[in-house]
Amino acid sequence: MELLLAAARRVDEAIKPLACQYAAVPDPSQQAANAADALAESAALNVLLSADVRVLSEEAGWLGQGSALVVLDPIDGTDNLTRGIPFSGPSIWARTKQGACAAVVTNVFTGHTFWATSGSGAFRDDQRLSVAKSRVPDVMIVGGEYQPLHGLFGRDLGATAHSLCAVAEGRLAGYRTPAHCPDRSWDLMAGLVIAGEAGCILGGIEGDRNPMDDPLSENWVVVAPEMAFARLSSRPL
């Protein structure tokens, strides 16, 4: 966990000036996005590759030969960052060879750190997160993107890991992968650990496998508290 927190902090330090710059004057160009991703990835890898890890990064692919596996999204929500939308930051997941998982997602705009380890709960900064008492609202605002149906309204917020953290906080009723595009491992894994440790059920569309069973594959997922999960998972793509 300390390694992941250190890497996330290094990324936040590197891209905080960009967050301030783009909050004042957005730059939606691909050049700005590419430059931000490169800066963030370099900052994270300088920390991660100092340890005994093997890293799968969204931008650089596979690096390192260590025994622990790390999946890195240098900036979850790069387009949000360059537009000054305050829903963006690094997402990092790790699994030891013994199978224990850890995850960190930070929001460079708000300064919040979401983190979790296997069996030890999920936290935003020092506050424990739990969806155990969540009820199903009459109108559910759900992360992801699909047509509204019977009180379900999808919202693509542009950052999968941060959307999953919003589910863990109770801000969103659930998350469901957009039908047109599966989520990739660097999009999902850190957010899944955090949401799962907060008490959410993790599953696939219409009973597909648990995405945690095959973390390096593309997945269509449903993530929600127990009371909302059946409603989200039963709706066809």
Q: Among the candidates 50, 42, single out the residue that is assigned to a helix (DSSP H, G or I), assigned by TED's automatic domain parsing to the domain that holds residue 99 and among the polar types (S, T, N, Q).
A: 42
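Each row is one residue, and each column tells you yes or no for (1) buried (at least 22 other Cβ atoms within 10 Å of the Cβ); (2) assigned to a loop (DSSP other than H, G, I, E, B).
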site: 59; (1), (2): no, yes
site: 65; (1), (2): no, yes
site: 69; (1), (2): no, no
site: 79; (1), (2): no, no
site: 84; (1), (2): no, yes
site: 87; (1), (2): no, yes
site: 99; (1), (2): no, yes
site: 103; (1), (2): yes, no
site: 115; (1), (2): yes, no
Q. Given the conditions (1) outside any loop (DSSP other than H, G, I, E, B); (2) surrounded by fewer than 18 Cβ atoms within 10 Å (Cβ to Cβ); (3) modelled with pLDDT under 95, which single one is not true for residue 128?
A. (3)
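Output the residues belonging to the stretch 30-52 that are under 20 Å from the mean Cα position of the chain (by Cα) and buried (at least 16 other Cβ atoms within 10 Å of the Cβ).
33, 36, 37, 39, 40, 41, 43, 44, 45, 47, 48, listed by residue number.
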Q: Hey, could you check the stretch 1-29 for residues that are among the charged types (D, E, K, R) and under 26 Å from residue 94 (Cβ atoms) and say which is surrounded by the fewest Cβ atoms within 10 Å (Cβ to Cβ)?
A: 2
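Let's see how each residue does on (1) polar (S, T, N, Q); (2) over 22 Å from residue 193 (Cα atoms); (3) at pLDDT 95 or above:
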| position | (1), (2), (3) |
| --- | --- |
| 16 | no, yes, yes |
| 27 | no, yes, yes |
| 31 | yes, yes, yes |
| 66 | no, no, no |
| 82 | yes, yes, yes |
| 88 | yes, no, yes |
| 93 | no, no, yes |
Q | Which listed residue is out of contact with any Ser or Thr (no Cβ under 8 Å at 6 or more places or on another chain) and in contact (Cβ under 8 Å) with a residue 40 or more places away in the chain, from 8, 60, 32, 24 | A | 24
Q: Kindly establish whether residue 71 is β-branched (Val, Ile, Thr) and in contact with a Phe, Trp or Tyr (Cβ under 7 Å, 6 or more places away or on another chain).
A: yes
(Q) Please count how many residues of the stretch 183-215 are modelled with pLDDT of 70 or more, within 15 Å of the chain's Cα centre (by Cα) and either crowded, with 18+ Cβ neighbours inside 10 Å or not charged (D, E, K, R) (or both). (A) 17
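The values are calculated or read from the model by the stated rules, or taken from the named source; none is laboratory data. Since the model is a prediction, treat every value here as computed from it, not as a measurement. Glycine also receives a Cβ, built like all others from the backbone with ideal geometry; neighbour counts cover every protein chain displayed.
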